[in-house]
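These notes are about the structure you will find just below.
The values are calculated or read from the model by the stated rules, or taken from the named source; none is laboratory data. Bear in mind that the values here come from a model prediction, so they are computed numbers and not experimental data. Counting neighbours? That spans all protein chains shown, and the Cβs are built from the backbone with ideal geometry, glycine included. For the accessible areas, the whole protein counts, side chains as well, though only heavy atoms, and no ligand, DNA or RNA atoms are used. Shrake-Rupley method; radii C 1.70, N 1.55, O 1.52, S 1.80 Å.
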Amino acid sequence: MRATEALSLVERGLGGAVEHAVVAHHRRRLRHRGHEATLDAPAGGWASGDPPPRPGSTVDVLVDGAAALPRLADAIAAAESHVHLAGWHFSPDFALRRGDDTSVVRNLLAETAERVPTRVLAWAGPPLPLFRPSRSVVRQMRDALTSGTRVQCALDSRERPMHCHHEKIAVIDDRTAFVGGIDLTSLAGDRLDVSSHPARATVGWHDASVMLRGPAIGDVAEHFAMRWREVTGERLAAPETPAPEEDGIEAQIVRTIPEHVYDAVPEGDFRILESYVRALRGAQHLIYLESQFLWSPELARILINKLRDPPSDRFRLVVLLPAKPNNGNDDTRGVLGELIEADGDAGRFLACTLYARHGRLADPVYVHAKIGIVDDRWLTVGSANLNDHSLFNDTEMNVVVHDAALARQTRLRLWAEHLERPVDEVAGEAADVVDSLWRPIAGEQLERRRHGAPLEHRLVRLPHVSRRTDRLRGPVNGLLVDG
């Protein structure tokens with residue numbers, strides 16, 4: 001056996017041992033909090049506990065910033081009673097609309113606050129300046145939003161060490177809510193991109209959000225009110241739960257809240273993890289995932305088992321990820337290597353990314369969307385990535401629906417965008433579309449990149465594991481950071 005092969009085996013063994021320790025630690029942690037059943041949730045069904053799924057909710061999936069941000073700006077501008085925003089970070093100069101009717105965050109909120117109470121809840125930043133945004137930057141942001149305005153801005157420093165408040169929500173008049181992955185900031189990239197993703201000489205941005213109407217809004221509003229009360233001491237009026245919408249569907253709000261962060265949720269809430277566990281375990285035909293990261297050992301184990309023992313020969317697992325995440329790249333590549341091995345050249349697994357092209361030039365399109373679709377009957381959109389930061393340690397919020405029409409419609413819209421095809425050309429059997437379009441297009445574009453040829457398509461297959469250490473970095477990161 002060559003030395004490199006021996007080293008790879010040792011590294012894999014060490015990685016497996018560390019990963020086992022992380023999973024065991026997470027299980028003990030959940031058991032002590034009364035949530036051990038989360039990891040043992042059966043296939044299918046809604047997440048247990050409160051809030052339950054709410055019938056009569058309207059769920060409008062908004063793909064990419066150009067579709068979502070102007071809708072949010074319009075809703076804020078039309079507010080009649082209040083505007084409540086919570087997010088990871090806000091840039092006062094970030095424009096939600098461009099052109100003749102440019103609307104930037106500070107001005108929009110300042111104008112709205114002259115009419116109705118306008119509250120902004122932002123993460124306070126890390127206690128030590130180890131990553132962005134620093135606490136000094138966040139304080140400058142708060143001052144820019146509030147100086148000379150009636151905007152109220154509170155900074156939430158009640159996070160677990162090395163973690164953050166990551167959810168992105170908006171509640172307007174308790175009649176409209178937005179839940180998703182789009183931050184109202186230009187930090188690390190301009191979120192306002194169109195679905196055609198033209199080359200911008202900088203990073204492009206693929207993202208998604210959900211606009212809600214109907215009873216599920218009450219759960220989003222109550223969550224904001226809880227956090228605002230814990231941070232500021234101000235008790236907001238109980239939200240008015242909207243009446244069911246005609247032709248609405250069932251929608252469930254699920255969260256990640258670590259234990260010992262908020263007095264109102266002392267044992268935490270881990271129902272985003274439970275929702276994914278149920279959906280992935282129950283998958284029969286297709287798992288389609290978009291995420292900024294993919295290095296949760298709990299979810300990776302379910303996916304690996306699906307590939308090793310597929311429910312049918314037609315089963316496919318497709319993931320869309322950034323070419324280079326702003327962190328966690330090695331961890332994700334290690335998981336991809338395990339999934340590729342579990343597939344064993346059966347052609348059931350495919351991992352891709354996106355590029356915007358202009359002649360011989362290509363700019364990465366940062367995949368920031370957090371979307372899960374299973375069997376065209378289960379759909380989730382929110383702020384949670386598929387890593388243990390989002391599933392155990394950051395505050396997050398997702399919307400989950402069990403609606404075949406919306407799940408399929410959303411998948412076809414996304415696949416039409418990524419494959420650069422009309423919807424009717426991607427509407428066939430999922431396995432056929434993966435095999436006849438996804439795989440050959442993405443594979444050919446990867447080869448073009450490897451040989452320095454200009455891209456002819458935005459969809460590019462991700463390469464296999466690039467370094468041996470990738471198999472160990474993920475478990476070690478989980479041990480040190482995601483405990």
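Structural remarks
- Of the residues in the stretch 358-367, none is open to solvent by 20 Å² or more (accessible area, probe 1.4 Å) and over 23 Å from residue 459 (Cα atoms).
- When restricted to residues that are open to solvent by less than 70 Å² (accessible area, probe 1.4 Å), in contact (Cβ under 8 Å) with a residue 60 or more places away in the chain and at negative phi, the stretch 32-51 contains 10.
- Selection over the stretch 135-163 of residues that are in a loop (DSSP other than H, G, I, E, B) and modelled with pLDDT of 95 or more gives a count of 6.
- From the list 184, 280, the lone residue that is among the hydrophobic types (A, V, I, L, M, F, W, C), surrounded by 21 or more Cβ atoms within 10 Å (Cβ to Cβ) and in a loop (DSSP other than H, G, I, E, B) is 184.
- Any pair with Cβ under 6 angstrom, 6 or more apart, that starts in the stretch 406-425 at a residue that is touching a residue at least 24 places away in the same chain (Cβ under 8 Å) and ends at one that is surrounded by fewer than 19 Cβ atoms within 10 Å (Cβ to Cβ): 417/195
- Filtering the stretch 124-151 to residues that are under 14 Å from residue 105 (Cα atoms) and without any contact (Cβ under 8 Å) to a residue 40 or more places away in the chain leaves 142, 143, 146, 147.
- Taking the stretch 338-356 as the range and being surrounded by fewer than 20 Cβ atoms within 10 Å (Cβ to Cβ), of a type outside the set (A, V, I, L, M) and either without any contact (Cβ under 8 Å) to a residue 40 or more places away in the chain or over 28 Å from residue 305 (Cβ atoms) (or both) as the test, the residues that pass are 341, 343, 344, 345.
- Among residues of the stretch 54-70 that are of a type in the set (D, E, K, R), those with a beta-carbon under 6 Å from a residue that is outside any helix (DSSP H, G or I) and open to solvent by 10 Å² or more (accessible area, probe 1.4 Å) at least six positions away or on a different chain give the pairs 54/215; 60/211; 64/195.
- None of 205, 228 is touching a residue at least 12 places away in the same chain (Cβ under 8 Å), of a type in the set (Phe, Trp, Tyr) and part of a strand (DSSP E or B) except 205.
- Flag if residue 108 is in a strand (DSSP E or B), in contact with a strand residue (DSSP E or B) (Cβ under 9 Å, 6 or more places away or on another chain) and open to solvent by less than 60 Å² (accessible area, probe 1.4 Å): no
- Residue under evaluation residue 261, criteria (1) open to solvent by 10 Å² or more (accessible area, probe 1.4 Å); (2) in a helix (DSSP H, G or I), criterion not met: (2)
- Comparison of 400, 433 shows that the only residue that is out of contact with any Leu (no Cβ under 6 Å at 6 or more places or on another chain), of a type in the set (Val, Ile, Thr) and in a helix (DSSP H, G or I) is 433.
- Failed criterion for residue 220 (all others in (1) farther than 19 Å from residue 52 by Cβ; (2) surrounded by 23 or more Cβ atoms within 10 Å (Cβ to Cβ) hold): (1)
- Residues that are of a type in the set (Gly, Ala, Ser), touching a helix residue (DSSP H, G or I) at 6+ places or on another chain (Cβ under 8 Å) and assigned to a strand (DSSP E or B), drawn from the stretch 356-387: 362, 372, 382
- Residues within the stretch 228-254 that are within 12 Å of residue 53 (Cβ to Cβ) and of a type in the set (A, V, I, L, M, F, W, C), tallied: 4
- Residue in the stretch 300-309 that is touching a Phe, Trp or Tyr at 6+ places or on another chain (Cβ under 9 Å), closer than 22 Å to residue 440 by Cα, in contact (Cβ under 8 Å) with a residue 24 or more places away in the chain and open to solvent by 30 Å² or more (accessible area, probe 1.4 Å) present: no
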